[in-house]
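Accompanying notes for the structure given below.
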Amino acid sequence: MKELSLHMLDITQNSIRAKAKLVKLVIIESAENNEITTIIEDDGCGIPADRLQKITDPFVTTRTTRKVGLGLSLFKAAAEACGGYFEISSTVGVGTKVVANFRRDHIDCAPVGNMADTILTMVMSFGETDLYYQHDYNNQQFVFNTREIKETLEVESLNEPEILNWIREHVKEGLEEIMEEKIYGKVLSRTKSDSRKEIERT
């Protein structure tokens, strides 16, 4: 895949199929450590130990619509091809955690990609499942939490055109801000009232 965000989107769909109520996505980009680390964690049904041992085998899948399971195996291959590592742990009835690490300056390391559109796609496809997204960029942090937004707006679903438009812009602007060198040392934070006002203006 040309962007790491596409891997993340694919893996989070596994969480939805595992009936997760909450999916946590954390991306840590560090120029100092020369690495990109992605962590995807859910509270879904988990994976039995016997299947977990061979879960990254491309020919192992529980899906009936695709004979070959490529998501995890491709993510693992991408990480290892960039001098990084891949880890997956899971407990039945508790959930699953996937960690992929990439050497940032490796010639084969794909860009993180368009996270604003990726997060929007996740929100639209997650149904009742909530998303916690945290992006750390050289010690600056942006956080997006659907549970907080639902509480602020007093709604059960975010799949309304005006809300979705706001989400895309909110994530895009938040990421742009933490990636600007001029605000180095400042952590981005938006209050619930700020979020409500921005949505109401759209």
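Scanning region 137-173 for residues that are among the polar types (S, T, N, Q) and assigned to a helix (DSSP H, G or I), we see that the one that is nearest to F126 (Cα to Cα) is T146. If only residues of region 48-83 that are in a loop (DSSP other than H, G, I, E, B) and of a type in the set (K, R) are counted, the one that is modelled with the highest pLDDT is K54.
Are any of the residues in region 115-123 outside any loop (DSSP other than H, G, I, E, B), of a type in the set (D, E, K, R) and more than 19 Å from E41 (Cα to Cα)? The answer is yes; a qualifying residue exists.
Only residues that are among the hydroxyl-bearing types (S, T, Y) and within 22 Å of I178 (Cα to Cα) were counted across region 122-154, and they come to 4.
Can you pull out every residue in region 2-29 that is part of a strand (DSSP E or B) and not basic (K, R)?
Filtering region 2-29 down to residues part of a strand (DSSP E or B) leaves 22-29.
Answer for region 2-29, where residues must be part of a strand (DSSP E or B) and not basic (K, R): L22, V23, L25, V26, I27, I28, E29.
The numbered conditions (1) touching a strand residue (DSSP E or B) at 6+ places or on another chain (Cβ under 8 Å); (2) surrounded by fewer than 20 Cβ atoms within 10 Å (Cβ to Cβ); (3) within 16 Å of V23 (Cβ to Cβ) are all true for N138 except (3).
Taken together, the criteria place S125 among residues that are within 18 Å of S15 (Cβ to Cβ), among the polar types (S, T, N, Q) and surrounded by fewer than 15 Cβ atoms within 10 Å (Cβ to Cβ).
Per this entry, E41 is not counted among residues that are surrounded by 19 or more Cβ atoms within 10 Å (Cβ to Cβ), touching a residue at least 40 places away in the same chain (Cβ under 8 Å) and over 12 Å from the mean Cα position of the chain (by Cα). Looking only at region 95-111, residues that are assigned to a strand (DSSP E or B) and of a type outside the set (A, V, I, L, M) come to 6 in all. Annotation note: of A18, A116, the sole residue that is modelled with pLDDT of 95 or more and either surrounded by 13 or more Cβ atoms within 10 Å (Cβ to Cβ) or not assigned by TED's automatic domain parsing to the domain that holds L175 (or both) is A116.
The values are calculated or read from the model by the stated rules, or taken from the named source; none is laboratory data. Keep in mind the model is a prediction, meaning the values are calculated, not measured. Don't worry about glycine lacking a Cβ; one is built from the backbone with ideal geometry, like all the others, and counts go over all protein chains shown.
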